Amino acid sequence: MILTIPTIYLEKGKSKHSIHGLPGFELLDKKFKNDPLELAKLFREENNKSILIDIDETEESIFVLKSILNILDIPIQIYTRNSKDEFINKIEKMGIRRIFMPINIRVDKSFVIPVIKFTELHNSNISNFERVMIDFEGTSYKEINIDSNVKTSIINLNCSTTDLIEINKMKTGIDSIYLGKDYYGVHFAGQLLWRIAEKAQFNI
């Protein structure tokens with residue numbers, strides 16, 4: 001069974017993306033953009049088993065990350081483009097044990113997992129790693145052709161609920177899919193009901 005994990009995109013302490021896609025939900029969208037802590041709580045209430053946070057290095061975002069770690073009971077994972085020792089050590093001290101980083105800047109630590117763009121996969125020998133993340137950059141799942149036993153996570157795949165079911169049938173090393181911007185709309189089963197319930201919950 002493939003695990004699906006949502007992504008929160010933190011920039012200067014705010015969420016770059018929020019719940020969108022339907023008329024009449026603008027205030028709900030604004031609420032979650034301004035309060036990523038509530039967005040993280042929402043994802044937990046939707047029964048997600050982990051959350052990936054794509055984070056910049058600002059103090060505002062670090063503060064939000066610490067707040068999320070304090071209130072959630074699920075593993076938090078990090079995607080960063082900052083390979084500086086000071087930043088990585090700061091993240092490590094928070095107890096985070098999975099950090100994704102582009103392969104061209106990846107630091108050599110066991111908990112730092114390389115991210116490889118799908119278009120550059122042919123230039124990379126992923127068998128050198130225990131786990132990799134492949135960034136599909138909006139490519140369809142039909143382009144997946146990964147012949148490897150390496151544990152593989154994928155992100156930025158253009159897919160729907162039906163596509164996820166088909167991917168689960170494939171014989172690949174893929175064991176987790178990180179849902180990006182698509183997860184913020186109503187592309188997946190049940191999301192419309194969630195949005196309606198949230199609107200009522202917050203009286204918006």
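Taken together, the values in this text are just the output of simple stated rules run on the coordinates, not laboratory data. What you see is a predicted model; the values in this text were computed from it and never measured. As a convention, Cβ positions derive from the backbone with ideal geometry for all residues, glycine included, and neighbour counts pool all protein chains shown.
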Non-local residues with an amide H under 5 Å from the amide H of Gln77, with H modelled 1.01 Å from N and Pro and chain starts lacking one, are Ile51, Leu52, Ile53
Sorted by chain and number, the residues with a modelled amide H under 5 Å from that of Thr4, at a separation of 5 or more or across chains, are Ile177
Here the FRET efficiency for Lys12 versus Asp73, based on Cβ atoms and R0 = 35 Å and rounded to 0.05, is 0.85
Interchain or sequence-distant (5+) residues whose placed amide H lies within less than 5 Å of the amide H of Ile134 are Ile116, Ser153, Ile154, Ile155
Residue by residue through region 167-175, the couplings from Karplus 6.51 cos²θ - 1.76 cosθ + 1.60 with θ = phi - 60°, in Hz, x for Gly and Pro, are 4, 4, 7, 6, 9, 9, x, 5, 10
Exposure-ranked with fewest Cβ neighbours within 10 Å first, Leu3, Leu164, Leu179 stand as Leu3, Leu164, Leu179
Mean Cβ-within-10 Å packing, highest first, puts peptides 116-122, 96-102 in the order 96-102, 116-122
Ranked output for segments 132-138, 166-172, 86-92 by mean other Cβ atoms within 10 Å, highest leading, reads 132-138, 86-92, 166-172
